[in-house]
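This report refers to the structure that appears directly beneath it.
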Amino acid sequence: MKRLIGYARVSTTDQDLTAQRASLASLGVELDGIYVDHGLTGTNRDRPGLGQALAAVRAGDQLVVTKLDRLARSIPDARDIVDELTAKGVVLNLGGSTYDPTDPIGRLMFNVLSMVAEFEADLIRARTREGMAIAKAKGRLKGKAPKLSAPQRKQLLRLAAEGEHTQAELGEIFGVSRGTVQRELHRQFTL
């Protein structure tokens with residue numbers, strides 16, 4: 001008996017899975033057969049929901065995803081997943097279109113879609129780098145705000161110079177981590 005196992009993923013914790021769940025349900029996937037990853041990118045292969053979905057499928061089943069980029073964002077990762085599905089005798093269903101990896105046409109179509117998904121991910125990264133460079137050039141990208149204000153920094157350096165407190169104690173006094181204290185002290189001596 002063929003089962004439909006669904007997989008949905010969003011990259012950030014702010015994103016919502018409702019549309020993907022609804023789309024999977026409209027493709028015939030039972031709600032209890034949908035596995036999800038929330039806040040994980042498609043470039044990260046270590047995704048618990050994907051692992052559960054791949055463990056759930058058996059020979060003759062279909063793994064259903066709304067779009068290929070929800071499953072993988074690189075060609076090697078997509079191929080690894082398809083090889084695993086092929087070994088199990090599972091067909092991939094992308095938004096209602098099935099791609100049988102044992103069929104030459106299905107394999108070709110899947111490879112083309114994988115290349116498009118990877119290309120799209122590369123474009124997003126390039127646009128992000130470009131946008132950050134423009135913002136930095138305009139002075140809008142200043143980096144992370146310092147944990148300590150200028151007066152706090154001055155007091156931290158004074159107390160550290162006195163040598164009466166450990167770095168951990170200084171961290172407690174100022175409400176920051178020992179690592180932050182170390183960075184401030186290092187910054188002082190390298191300037």
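Some observations on this one:
- At most 10 other Cβ within 10 Å, DSSP loop - chymotrypsin sites (Phe, Trp or Tyr not before Pro), region 70-129: none
- Gain on full stretching of the segment that runs from A55 to A161 - 0.36 nm per residue minus C-alpha separation: 32.3 nm
- For Q182 and F119, the FRET efficiency from 1/(1 + (r/R0)^6), where r spans their Cβ atoms and R0 equals 45 Å, is about 0.60.
- Cut-off under 5 Å, modelled amide H: who pairs with I34 long-range: G6
- R0 of 35 Å, Cβ-Cβ distance L17-N111: FRET efficiency to nearest 0.05: 0.80
- Compactness of the chain - radius of gyration and Dmax, Cα, Å: 24.7, 76
- Taking 29 Å as the straight-line reach from the Cα of K147, the lysines in range (excluding those fewer than 8 positions away in the same chain) are K136, K138.
- Mean Cα-pair separation over length for the chain, i.e. relative contact order, pairs under 8 Å, 6 or more apart, %: 15
- Fluctuation leader among L68, L141, L92 - the chain, Gaussian network, Cα springs under 10 angstrom: L141
- Global form of region 150-190, assessed from the alpha-carbon gyration tensor, a/c cut-off 1.5: rounded
Throughout, read-outs are computed from the coordinates displayed, never taken from laboratory work. Worth saying up front: this structure is predicted, and the values here are computed from it rather than measured. With ideal geometry, Cβ positions are generated from the backbone for all residues, glycine too; neighbour counts draw on all protein chains shown.
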